[in-house]
Amino acid sequence: MRGVRSISISSALLRKLPLFSELPLEDLQFVSSIVRTRCVNEGELLFAEAEPGLGVWFVLEGAVRLVKTDPLGREQLLKVVMPQEFFAEVVLFDGGSYPATAIAAMEGSVAIIYNADALLLVQSHPTLAWHFLRVLSARLRLAQERNRILSAGAASAKVAATLLLLSQEQGQDSIPLGQQDIADMAGLARETVSRVLVSFAKKGLISLRRKNITLVEKKQLAFYALEQ
């Protein structure tokens, strides 16, 4: 497998991951023994869509872009995975291939638990399995919402809905993404997204900084998201 190293991760760092935060120390030490870590550079490929799914991944530092290719060969940004989040968990349950391509968005580090080890872990801790399933269910709802966004008419509606969706997904009003990321997720040209964001900023609905967008007036953005 590409560059994965057999280096243990500390129990203290594992406890920072929401998935493992409530495990007793003994179990954290077991998890530490089965986690494999990897340092990544910006733009580095972790795995490609349709490759055999080998395990569940976590972002320790940096960020990872999940990208899917449609039948016409166009790429759509599905999600930017931030530190302490996991991804590719679906392969744990169906044993299939990776449903999207994962690319490092910046320099950082990631970790993987291989399927066989992950299955042993969830069998001994059923609450972890339920946590995985809750996340899968939430991501299915978000995927349905993304499809609605892509079918929306006005560019302002697509951008507003994308911002609100990201805020909901990340649980915060500050979104650490750039304009190109928003364009990729909304299915719009970067220039179009830039014009809409500047307009929103002038109206006081958002605050714009480099690689960061803060939602200020979410209720007003919700009105724009309903435009056709």
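Residue farthest toward the positive end of the dipole of the chain, with Cβ of Lys/Arg at +1 and Asp/Glu at -1: which of 52, 96, 163?
The residue sitting farthest along the positive end of the dipole is 163.
Starting from region 182-220, pick out the trypsin sites (Lys or Arg not before Pro) whose DSSP state is loop and whose Cβ has at most 10 other Cβ atoms within 10 Å.
210
What share of all Cα pairs of the chain, in percent, falls into each consecutive 10 Å distance bin?
Reading the bins upward from 0: 7, 31, 33, 20, 8, 0.
Heavy atoms only, probe 1.4 Å: what % of the accessible area of the chain goes to carbon and sulfur, would you let me know?
Numbers: 6290 of 11550 Å².
Answer for the chain is 54 percent, counting heavy atoms of protein chains only.
In vacuum, with every alpha carbon of region 37-87 counted as one equal point scatterer, what does the Debye formula give for log10 I(q)/I(0) at q = 0.19 Å⁻¹? Two decimals, please.
Relative scattering, expressed as log10 I(q)/I(0), comes to -0.71.
Only Lys, Arg, Asp and Glu count, each charged at its Cβ (+1, +1, -1, -1), so figure out the dipole size of region 40-115 about its Cα centre, rounded to 20 debye.
Once rounded to the nearest 20, the dipole reads 140 debye.
Dipole magnitude of the chain about its Cα centre, charges +1 at Lys/Arg Cβ and -1 at Asp/Glu Cβ only, in debye to the nearest 20?
Here the chain has a charge dipole of around 740 debye.
Against the 2.2 N^0.38 Å scaling, with N counting residues, where does region 1-111 land? I'd like the Cα-based Rg ratio to two decimal places.
That ratio works out to 1.08.
Cross-link list 79/219; 16/158; 68/203; 16/79: which exceed 27 angstrom alpha carbon to alpha carbon?
Beyond 27 Å: 16/158; 68/203.
Projecting each Cα onto the charge dipole of the chain (Lys/Arg +1, Asp/Glu -1 at the beta carbon, about the Cα centre), which of 185, 124, 23 comes out farthest on the positive side?
185
Rounding to the nearest 20 debye, state how big the charge dipole of region 162-210 is about its Cα centre with +1 on each Lys and Arg Cβ and -1 on each Asp and Glu Cβ.
About 300 debye.
The values are calculated or read from the model by the stated rules, or taken from the named source; none is laboratory data. Just so you know, these numbers come straight off a predicted model, no measurement behind them. Ideal geometry is used to build each Cβ from the backbone, glycine not excepted, and the neighbour counts take in all protein chains shown. In case anyone asks, the SASA skips ligands and DNA or RNA and just uses the protein heavy atoms, side chains included. Shrake-Rupley method; radii C 1.70, N 1.55, O 1.52, S 1.80 Å.
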